[in-house]
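Participant: This is the structure I want to talk about, given as structure tokens.
Any read-out appearing in this document is the output of simple, stated calculations on the displayed coordinates, not a laboratory observation. In this text, all values refer to a predicted model and were calculated from it rather than measured experimentally. Quick reminder, even Gly has a Cβ in these numbers, built from the backbone with ideal geometry, and neighbours come from all protein chains shown.
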Amino acid sequence: MLGEQANWVRNVRAAQGHAVIRHGAAHEVELVEVPPGERAPILRRYVEVAPGARPHVPVPPRAPLTDFERIAADFPVFKVDGLGQAPQA
């Protein structure tokens, strides 16, 4: 949520999207970057449900989707693939 220069974004890209999510058991996942043209509805929903994100995103939660489209390229969004699958041995 802190933009292109956030360490977590750099780490995901350096690892080519490979990650392990630990919630009880470890799950190997791939984080796939969502293209900027598809981010606006995701970002709008995110600021609606995550109050802690609001100070970092310069658009109010109920703003028109076009406002989110204007900032979408500045806020990386990743889709989690493979969640719920058993880790590879």
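Participant: To the nearest µm²/s, what D does Stokes-Einstein give for the stretch 7-81 at 10 °C and 1.306 mPa s, using the Kirkwood radius over alpha carbon pairs as Rh?
Facilitator: Value of D from the Cα-based Kirkwood radius: 118 µm²/s.
Participant: Follow-up question, since we're still on this one. Assign unit charges at the C-beta atoms only (+1 for Lys and Arg, -1 for Asp and Glu), then state the dipole size of the chain relative to its Cα centre in Debye, rounded to the nearest 20.
Facilitator: In debye, rounded to 20, the chain gives about 240.
Participant: For the chain, what is the calculated [θ] at 222 nm in deg cm²/dmol (nearest 500), taking -39500 (n - 2.57) for each run of four or more DSSP H residues and dividing by its residue count?
Facilitator: -7500 deg cm²/dmol
Participant: For the residue pair residue 48 and residue 21, what label-to-label distance in nm results when each label sits 7 Å from Cα along the Cα-to-beta-carbon direction?
Facilitator: Taking the simple label geometry, residue 48 and residue 21 are separated by 2.1 nm.
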